[in-house]
Structure formats: structure tokens, C-alpha cells
Ligand code: SD4
């Protein structure tokens, strides 16, 4: 039972999803308020993993100008990719054990089309390369050198993504080479974003430099459609952050959308997807984090994580707010 309160005391009033205490109760309550919210979906909206207000503001700007959800998520994610201070996305991302910054990203549109890149090097805007894969190739995924070559033919600039700060951190790490998955750095991590535009169409994107000091060649959940991201424009969308291996094993984002298809609210669906990880026999969940966010076609939002220090940022009804998960399964 205690695990059912991951995100609480989150005041979302003004977002059109007033909850008087918790995100969960907002989306599950049968009160008049929830019904009002359902009948008057507050569109457009954008939600993203972590505290990324500038990114959601950028996406919101696109949406309120009448732009598509697809343009909104791409623009929002690009902002984080270009932010050299963020050491988990794009330029400035922490490298793998051998000092290579390798990016994973994907994007999915309202028509159910998708594109992704894995192990992309030397190109900051992985999310835009993923979009080009979707729009300009007959494929859904390009990897490594091929992805880089494709990006260069599309006019992307070749850059060194290893900043001095990240190089320094890697050198320090290399002295002991003690590997532990480093996730949730300073409440700011892999960005996963979902948007619903003024037409009610849903798109999503996800971009990351993956786990710091991962094995060379490692790919996580973020570019894997169904794991790191899934959108079904009839139903809703979901996106993941945290230890990608666990997300891939449970195909988390697809699971959440399917659960919503079968009647669960976004909140209930996120909780169920986390349960699938936590309740596995011999689950090692105390030692890793996974967080999901989801929206449905009605503009309701859900979020859930294994441990505390997960947050989501939502821009809806003209207000941009980061909601902190303050739940921790103290007895776990
Ligand atoms: C990965 N899911 O590569 C990403 C990392 C992440 O919070 O989201 N960290 O496994």
C-alpha cells in the first residue's frame, strides 16, 4: 500500500488538474472536479521528466502559436540537448567508461510513426536526427557511425560533445573505475517529453546520453520504442527515465499505453508499470530508480517512480510547474 503514494502533496492547482493533495487522487477521483477536468481538457499541454522548465516553456511556446505536438517536443528537447551544464543529455553528457559521449534518442508522432538513433556520437541534437530518420528514411532506427553519417548528410554539425567538466568528472571516476549506474543527478536527467497540441494530437520524444560510465556500446531504453517512449494518438503517451535495462525488460511505456487503453488512468497505469518492476521475484529495486510519466487523450497526467527524488514538469493552462515526488518507500 505504501508504494501507492509516490507522488503526494503535489499542488497542481491551476494546471487544470487540481488535486488537493496528490497527483494520484486527481486522476483517480470520481469527484465533480475530476469530471469537469475530463470534459474540459486543458489543451494544449506539455509534460516532461524532471525539472526542465525551460524546455517545457519552449514546447509551450510552440504549442500556443498553433504548432504541432511533434514540433513542440522536438524543440523542447533540443533546448536540453544544447545545455552544456546538463550532464545527462546531448552536449556535455557524461561519457562511457572509455570517454566516449554516446547519445540515444527517439521521437514518435500522432500518426504512429517513429524514428530513433542509438550510439550517436559527435552530434548534439540527437532528437532531431531521430526525427529525420522518421521522416526521411524508410527505417525506424539508425546506429553509431551510420547514424552520424546520416546526420552529417542532413546538415547537422560535427561537434566534440565531451566538455571540460564532463572530461574532468570521467577522469576522476577512472581513477577507481567503480561502476554504479549513476542516475537522477541533481534532479535533472534524461528528458522525456509528451505534448498534446491544440488539435488534440499527441507526440513524444526522449533524449539522453544514457548512464554515465556505461560499457562502451551500451544502449538503454530511451531510443527503444515501447520501452523509453510510446504514443498512441487514440489513447495517450508514456515516457520513461531511470535504469534503462529494467524499463526495457518490462516494455514500460508500451505497457502504460496499453493499460490506459484498457481503462486505467495515466496514474494507475504508471503505478502498475512500476509494480511490474518492483514485484518481480528477486527484484533489486532498492538499488535503482525508474520513473514514468503519462498523459491520456483527455489531457490527464500521471507519474510514478520507485523512489523519491523524481519530478515532472507540466505546462498546462498557462502555468509551468515542476512537481516533486516526495514519496519514498521507507519500508522497502
Ligand atoms: C538509460 N533511461 O540510458 C536512461 C537513463 C536515464 O535517468 O533515464 N536516467 O538507461
Here are the criteria: (1) in contact with a strand residue (DSSP E or B) (Cβ under 6 Å, 6 or more places away or on another chain); (2) on the phi < 0 side of the Ramachandran plot; (3) at pLDDT below 50. Tell me which single one residue 39 does not satisfy. (1)
Any chance residue 220 is under 12 Å from the mean Cα position of the chain (by Cα) and near the ligand (Cβ under 9 Å from one of its atoms): no
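Okay, residues lined up against (1) more than 16 Å from the ligand (Cβ to nearest atom); (2) surrounded by 15 or more Cβ atoms within 10 Å (Cβ to Cβ); (3) without any contact (Cβ under 8 Å) to a residue 24 or more places away in the chain:
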{"site": "112", "(1), (2), (3)": "yes, no, no"}
{"site": "142", "(1), (2), (3)": "yes, yes, no"}
{"site": "171", "(1), (2), (3)": "yes, no, yes"}
{"site": "179", "(1), (2), (3)": "no, no, no"}
Taking segment 295-306 and the residues there that are in a strand (DSSP E or B) and within 16 Å of the ligand (Cβ to nearest atom), the one that is farthest from residue 276 (Cα to Cα) would be 303
Just wondering, is there one or more residues in segment 127-138 that are within 22 Å of the chain's Cα centre (by Cα), part of a helix (DSSP H, G or I), in contact (Cβ under 8 Å) with a residue 60 or more places away in the chain and within 16 Å of the ligand (Cβ to nearest atom)? yes
Being at pLDDT 95 or above and more than 12 Å from the ligand (Cβ to nearest atom) narrows 202, 191 down to just 202
Residue check: is residue 119 surrounded by fewer than 17 Cβ atoms within 10 Å (Cβ to Cβ) and within 16 Å of the ligand (Cβ to nearest atom)? no
In segment 43-66, residues that are surrounded by fewer than 19 Cβ atoms within 10 Å (Cβ to Cβ) and at pLDDT below 95 total 1
Counting only residues that are away from the ligand (no atom under 14 Å from the Cβ) and surrounded by 23 or more Cβ atoms within 10 Å (Cβ to Cβ), segment 93-108 contains a total of 2
Would segment 67-82 turn up any residue that is within 16 Å of residue 165 (Cα to Cα), surrounded by fewer than 24 Cβ atoms within 10 Å (Cβ to Cβ) and touching a residue at least 24 places away in the same chain (Cβ under 8 Å)? yes
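The values are calculated or read from the model by the stated rules, or taken from the named source; none is laboratory data. Quick caveat: nothing in here was measured; it's all calculated off a predicted structure. Neighbour counts run over all protein chains shown; Cβ positions are idealised from the backbone, glycine included.
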